[in-house]
1. Evaluate the following for A:Lys110: is it in contact (Cβ under 8 Å) with a residue 24 or more places away in the chain and open to solvent by 90 Å² or more (accessible area, probe 1.4 Å)?
2. What is the one condition in (1) open to solvent by less than 80 Å² (accessible area, probe 1.4 Å); (2) under 19 Å from B:Val74 (Cβ atoms); (3) within 14 Å of chain B (Cβ to nearest Cβ); (4) out of contact with any Leu (no Cβ under 7 Å at 6 or more places or on another chain) that A:Asp85 does not satisfy?
3. If you check B:Glu47, B:Glu88, B:Glu114, which single one turns out to be in contact with a Phe, Trp or Tyr (Cβ under 9 Å, 6 or more places away or on another chain) and acidic (Asp, Glu)?
4. For region A:51-169, list the strands (runs of 3 or more DSSP E) that sit wholly inside it and hold at least 2 residues that are closer than 16 Å to B:Asp103 by Cβ; which are they?
5. If you check B:Cys104 against the conditions, is it at pLDDT 85 or above, under 22 Å from A:Glu109 (Cα atoms) and surrounded by 20 or more Cβ atoms within 10 Å (Cβ to Cβ)?
6. In region A:24-39, which residue that is under 21 Å from the mean Cα position of the chain (by Cα) and open to solvent by less than 40 Å² (accessible area, probe 1.4 Å) is farthest from the other protein chains (Cβ to nearest Cβ)?
7. Looking at (1) in a helix (DSSP H, G or I); (2) more than 14 Å from chain A (Cβ to nearest Cβ); (3) modelled with pLDDT of 90 or more; (4) under 25 Å from A:Glu7 (Cα atoms), which one does B:Glu114 not meet, given that it meets all the others?
Amino acid sequence: MPVVTDEMLIKVAKVIGGEEAVKIIEALNQSDEMTEDEIVAKTGVKLNDVRRILYRLHEHSIVSLRRIRDKDTGWFIFYWKAQKDQVEGFIISQKKRILEKLEMRLEHEKNHAFYYCYTPGCKRVTFEEATENLFRCPKCNKLLTYFDNRKIIEALSKKIERIKSEING
Amino acid sequence: MPKQNNLEQKALDIIISRGEKGVLQSDLWREINASSREGSRISIRLENKGLIYREPELSRGRWTYRLYPKRQPVSIDSILNCPCLSCEETLRCGAGGKISPNDCDKLIEWVLKEDSG
């Protein structure tokens with residue numbers, strides 16, 4: 001049984017589909033299942049946007065759907081349902097994905113010395129790149145000086161530790 | 001009448017939302033519109049599943065249990081503002097690629113901002 005609060009369900013909906021997704025998921029969370037027309041009536045979100053957001057939430061399994069063919073018209077009617085039990089899986093998989101990127105960046109920061117021209121909009125370069133450019137910024141041509149990245153390493157390490165401890169519970 | 005599982009989930013949601021304060025079993029079953037017998041069975045089932053723990057407590061002259069969540073609810077807060085969550089390049093971003101976390105300013109801006117805040 002998932003240990004997920006309504007607040008977390010709403011935050012996840014916002015990440016996936018913005019404010020309109022929040023309205024939709026709040027409506028779905030209050031009822032067992034709803035058709036698209038019912039969602040439109042309850043949230044005031046346009047039908048096209050409701051569909052677009054529902055499919056995006058469905059890609060991440062945050063909502064599920066049941067399809068029934070209307071006997072009179074022959075058209076399909078979709079019944080949508082919030083899947084709170086999938087929120088934990090979504091959050092953990094996103095944390096793992098981001099953790100991988102942060103660890104890769106930490107290694108990069110630790111393994112290189114950086115040089116910078118300190119011009120807004122320009123990028124730091126590694127020592128190897130700096131020597132190739134004779135210690136001139138490849139973008140603005142200003143002189144490159146050493147950049148102390150200890151703060152970045154420290155912040156990355158802290159974030160990695162926090163996410164790791166959350167994943168491992 | 002809601003399914004038993006729905007009642008269990010509802011009860012668990014309430015217990016989680018109260019956190020360290022816990023919730024009295026006798027108050028809980030009123031909140032989920034269940035009978036006292038159902039309420040007590042639900043809390044026993046949640047305890048058996050390892051999701052909550054119960055501590056006896058005397059309330060208004062009667063013995064009942066205070067229910068606490070065993071696990072902390074999962075939270076997205078630590079990555080909520082991470083640019084990777086909404087980045088359109090996320091599928092192409094990786095080691096050795098043209099787009100890589102090693103070259104991403106937004107990623108570092110986020111980490112530094114979270115660290116200072």
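The values are calculated or read from the model by the stated rules, or taken from the named source; none is laboratory data. All figures in this text were calculated on a predicted structure; none of them were measured in a lab. Reconstructed Cβ throughout: ideal geometry from the backbone, glycine too, with neighbour counts over all protein chains shown. Each accessible area value is taken on the protein alone, full model and side chains, heavy atoms only, with ligands, DNA and RNA left out. Shrake-Rupley method; radii C 1.70, N 1.55, O 1.52, S 1.80 Å.
1. Working: in contact (Cβ under 8 Å) with a residue 24 or more places away in the chain: yes; open to solvent by 90 Å² or more (accessible area, probe 1.4 Å): yes.
Answer is yes for this residue.
2. Result: A:Asp85 passes all but (1).
3. Numbers: B:Glu88 fails: in contact with a Phe, Trp or Tyr (Cβ under 9 Å, 6 or more places away or on another chain); B:Glu114 fails: in contact with a Phe, Trp or Tyr (Cβ under 9 Å, 6 or more places away or on another chain).
Checking each option against the conditions leaves just B:Glu47.
4. So the answer is A:114-116.
5. Numbers: at pLDDT 85 or above: yes; under 22 Å from A:Glu109 (Cα atoms): yes; surrounded by 20 or more Cβ atoms within 10 Å (Cβ to Cβ): no.
Answer is no for this residue.
6. Residues of region A:24-39 that are under 21 Å from the mean Cα position of the chain (by Cα), as a first pass: A:24-26.
Narrowing further to those that are open to solvent by less than 40 Å² (accessible area, probe 1.4 Å): A:24-25.
Numbers: A:Ile24: 18, A:Ile25: 14 Å.
Here the answer is A:Ile24.
7. (2)
One line per residue, one yes/no per condition, for (1) surrounded by 16 or more Cβ atoms within 10 Å (Cβ to Cβ); (2) touching a Leu at 6+ places or on another chain (Cβ under 8 Å); (3) in contact (Cβ under 8 Å) with a residue 60 or more places away in the chain:
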residue	(1), (2), (3)
A:Val4	yes, no, yes
A:Glu7	no, no, no
A:Val12	yes, no, yes
A:Val22	yes, no, no
A:Ala41	no, no, no
A:Ile53	yes, no, no
